[in-house]
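The block underneath contains the structure these notes are about, expressed in structure tokens.
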Amino acid sequence: MLKEKSIKKLKKELEYLGIKILDDEWDKVKKIFKKELYLENEMIHYAGDVMDKVYYITEGVVKSYFIDANGKEFIWQIYFNKGNKERKNIVMDDSVSYYEKEGSFLAFEALENVTCYSVSWKSLEVLFASDIKWQYLARMLTYNAYSISYKRVLSIMSENATQRFERLLKENPSVFKNVKSYHIASYLGITPQSYSRLKPKLCNRKLKKASIIAHKAHS
């Protein structure tokens, strides 16, 4: 019963991408997915290995990161799914690594206990070629991956620390209660000390702005 509930959660995650999966379709598709459980701090994928699978997080928090030339860790993305609206970047993959048959630059590590479903790229390619519905799913996965990377690169290149913090606060406020501060600091490219100085100021500013808007709405 618990297994069936868990696999239905995966179906719901796929339908978030804009497709309706019929029960008979799902009976066939769910067979290509494998449920995987990871403990906090456990590695899901090591940098240098070809990443030939895609992972869909149904519960938990994961980071992808690389180590720079100075030995410093830099978090590239934070992925989490806590249910309802507290979900962000739930699809983990490195299609460049797979298609170029090269080791991934990124490592993926569970930041808490994680439940996810993995599927091989080969199985996905067969699925995508079988029906126009799954071709649409492929386009949405490609678009989402590109959009996330595009915005991430532009943010790093064009915004200062305060602007990156404000963007994260606006676009993904749930991350602040689901991810530890030093991981967020690494994602923003700042020290934990700088993060501690910025957070009270910017979060209070957001609360004040929300209070003003609410006051105007009721006056």
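The values are calculated or read from the model by the stated rules, or taken from the named source; none is laboratory data. Remember, it's a predicted structure, so these values are computed and weren't measured experimentally. Please note: Cβ atoms are built from the backbone with ideal geometry, for glycine as well, and neighbour counts cover all protein chains shown.
The conditions are (1) farther than 18 Å from residue 10 by Cα; (2) of a type in the set (Phe, Trp, Tyr); (3) out of contact with any strand residue (DSSP E or B) (no Cβ under 8 Å at 6 or more places or on another chain), and residue 136 fails exactly one of them. Which is it?
Of everything listed in (1) farther than 18 Å from residue 10 by Cα; (2) of a type in the set (Phe, Trp, Tyr); (3) out of contact with any strand residue (DSSP E or B) (no Cβ under 8 Å at 6 or more places or on another chain), residue 136 misses just condition (1).
Go through 82, 122 for me and flag whichever is of a type in the set (Lys, Arg) and touching a helix residue (DSSP H, G or I) at 6+ places or on another chain (Cβ under 8 Å).
None of the others qualify; the one that does is 82.
When residue 69 is evaluated against the numbered criteria (1) under 16 Å from the mean Cα position of the chain (by Cα); (2) surrounded by fewer than 20 Cβ atoms within 10 Å (Cβ to Cβ), which criterion, by number, is the only one it fails?
Here residue 69 meets the rest and fails (1).
Assess whether residue 138 counts as being over 27 Å from residue 73 (Cα atoms), touching a residue at least 12 places away in the same chain (Cβ under 8 Å), in a helix (DSSP H, G or I) and under 18 Å from the mean Cα position of the chain (by Cα).
yes
Could you check how many residues of the stretch 166-194 are modelled with pLDDT under 90, part of a helix (DSSP H, G or I) and either surrounded by 18 or more Cβ atoms within 10 Å (Cβ to Cβ) or among the aliphatic types (A, V, I, L, M) (or both)?
4
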